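Down below is the structure, laid out as structure tokens.
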């Protein structure tokens, strides 16, 4: 694979030599961008007409796509990005872990690779990041696939609310979660997995091992407390979903998702004109692990039957729901705000 050329403008970066990953045909790469290591993997023909970008969920990494990625790479260039605080990307204790910040780091990777108009696939947290990119850098997103996506409703399952709980949860994890205890968990779950042949066991093991790594655990807790609260998700994209109506969009959900209810997906489908909605019956929060072939087929069909819609910031601004206000000379901002509410 050829060296990545730095863009003429964009993030200050030092691109490292690629390394072959454990997955056949997948190359692991990273770059130091403004002092942070950003990691991603690539597969498929680099000169393919279409590029697909995969964004993982909370406490995961690009490895969560290990069964989907090679199917997509048969015809397309595929880039899987490790979000900040996850996988091989940096996990700084003092960093901005907001959704816009995570989206910025993905943008930096795509800028290094000179990618625009990609089909962006986001699972859970990655779906929220993909939605943010659609709004902030519309030229990067030509199609959108949301898999059990965050940011589409407030309610969540108990596990996500637990991650956002006050400080004692972090202290409890620091005291109880260690490589030794995770070794016990791995051995138990491996026996369980062999007995029941459950493909989600591998992903749960990765999640448990991520919690065993102190920098990963602390980064994830900082991120979770920024986007989650006792009542569910703090941030959402429903007020801007109509902006995605200009894009080819597919929404995928498991009907037994215990973390993010399928109602979020149904509502988003109704709010995005022309979107496709696929329900994976009997699947939970990880439909891409339960049924990788089906998800790959959905993504490939979206690519084959639609044209990417590359928007510019001006296009998004024209579609914003803006209500003009009358500014009265001599009024303070407080006076103006009160008057606007009355009107």
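The values are calculated or read from the model by the stated rules, or taken from the named source; none is laboratory data. None of these values were measured; they are calculated from a predicted model. In this analysis, Cβ positions are derived from the backbone assuming ideal geometry, glycine residues included, and neighbour counts consider all displayed protein chains.
At a glance:
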read-out	value
Total residues in region 70-93, condition in a helix (DSSP H, G or I) and within 21 Å of residue 306 (Cβ to Cβ)	2
Region 270-291: number of residues that are crowded, with 17+ Cβ neighbours inside 10 Å and without any contact (Cβ under 8 Å) to a residue 12 or more places away in the chain	1
Residue 140 farther than 17 Å from residue 247 by Cα and in contact with a strand residue (DSSP E or B) (Cβ under 8 Å, 6 or more places away or on another chain)	no
One residue from 110, 58 being part of a helix (DSSP H, G or I), surrounded by 21 or more Cβ atoms within 10 Å (Cβ to Cβ), in contact (Cβ under 8 Å) with a residue 12 or more places away in the chain and in contact with a helix residue (DSSP H, G or I) (Cβ under 9 Å, 6 or more places away or on another chain)	110
Residue 250 being part of a helix (DSSP H, G or I) and touching a strand residue (DSSP E or B) at 6+ places or on another chain (Cβ under 8 Å)	no
Positions within region 254-272 being touching a helix residue (DSSP H, G or I) at 6+ places or on another chain (Cβ under 9 Å) and more than 17 Å from residue 241 (Cα to Cα), in sequence order	254, 255, 256, 257, 258, 259, 260
Condition check for residue 226: out of contact with any helix residue (DSSP H, G or I) (no Cβ under 6 Å at 6 or more places or on another chain), assigned to a loop (DSSP other than H, G, I, E, B) and at pLDDT 70 or above	no
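Residue-by-condition table, conditions (1) surrounded by fewer than 24 Cβ atoms within 10 Å (Cβ to Cβ); (2) at pLDDT 95 or above; (3) touching a strand residue (DSSP E or B) at 6+ places or on another chain (Cβ under 6 Å):
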position: 97; (1), (2), (3): yes, no, no
position: 122; (1), (2), (3): no, yes, yes
position: 134; (1), (2), (3): no, no, yes
position: 146; (1), (2), (3): no, yes, yes
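A quick yes/no check of all residues on (1) touching a strand residue (DSSP E or B) at 6+ places or on another chain (Cβ under 7 Å); (2) surrounded by fewer than 16 Cβ atoms within 10 Å (Cβ to Cβ); (3) modelled with pLDDT under 80:
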| residue | (1), (2), (3) |
| --- | --- |
| 221 | no, no, yes |
| 237 | no, no, yes |
| 241 | no, no, no |
| 258 | no, yes, no |
| 262 | yes, no, no |
| 265 | yes, no, no |
